[in-house]
1. Go through Lys45/Lys123; Lys24/Lys121; Lys77/Lys97; Lys37/Lys66; Lys37/Lys123 and tell me which ones have a Cα-Cα distance over 21 Å in this structure.
2. With an 8 Å Cα cut-off and a minimum separation of 6 or more residues, compute the relative contact order for the chain in percent.
3. Probe of 1.4 angstrom, ligands and nucleic acids ignored: what's the accessible area per residue over segment 78-123, in square angstrom?
4. Just grab the label-to-label distance for Asn28 and Leu98, each label 7 Å out from Cα along the Cβ direction, in nm (one decimal).
5. Using a 1.4 Å probe over the heavy atoms of the protein chains, calculate the carbon and sulfur portion of the accessible area of the chain as a whole percent.
6. First measure r as the distance between the Cβ atoms of Lys140 and Asn15, then evaluate 1/(1 + (r/R0)^6) with R0 = 35 Å and state the FRET efficiency to the nearest 0.05.
7. To the nearest Å, what is the center-to-center distance of segment 45-68 and segment 70-133, using C-alpha atoms only?
8. Using helices alone, I'd like the mean residue ellipticity at 222 nm for the chain: each DSSP H run of four-plus residues gives -39500 (n - 2.57), total over residue count, nearest 500.
Amino acid sequence: DIEVITQAMMINDPNYDLDSFSGKNMDNYSASLKENKEYIFDEMKETFDYMHHALDFYSDKLVLKKTVVPIIITIGKMAKDQDLNKDLFLEWIQEFKLSIENRGKIRINYTEYMGTGSFSKNKVYGRLSAAKRHFEIFCKNRMALVQ
């Protein structure tokens, strides 16, 4: 749990340049948290509160994999920042899972960035880019349905 939270913080910290999720980089980032990083703790707390209400008892094994959770947390922060309805965020998670499995309505290349070397900068940002694109398309499609 701590590893995944640290990884999410590394992605979401605007003052940190992610190199990879290697043990050494995670240790260095964790050590840096002693230096005026309250902003990232506050931001993550707000994100986790939002996600807790949205996902309450959600427990899908694919979405809760340690390579997926930091990405989900990052998109959760985006959803919170956009004040997205929590039920819509849960719908996004469910659709995102289907898209990862190539069964969703929105096609993404997420799985290209999994597997060997999945903690490298390229693969982390590849997964993040695919998830952001999926989230943006999902939100655009949902807004089109409302209008």
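The values are calculated or read from the model by the stated rules, or taken from the named source; none is laboratory data. All figures in this text were calculated on a predicted structure; none of them were measured in a lab. Methodologically, a virtual Cβ is constructed for each residue, glycine included, from the backbone with ideal geometry; neighbour enumeration extends over all protein chains shown. Note: accessible area is taken over every heavy atom of the protein model, side chains too, but ligands, DNA and RNA are not part of it. Shrake-Rupley method; radii C 1.70, N 1.55, O 1.52, S 1.80 Å.
1. Long pairs (Cα-Cα over 21 Å): Lys45/Lys123; Lys37/Lys66; Lys37/Lys123.
2. 24
3. 57
4. Simple spin-label model gives 4.2 nm for this pair.
5. Its accessible area is 51 percent carbon and sulfur atoms.
6. Plugging the Cβ-Cβ distance into 1/(1 + (r/R0)^6) gives 0.70.
7. 12
8. For the chain, the value works out to -21000 deg cm²/dmol.
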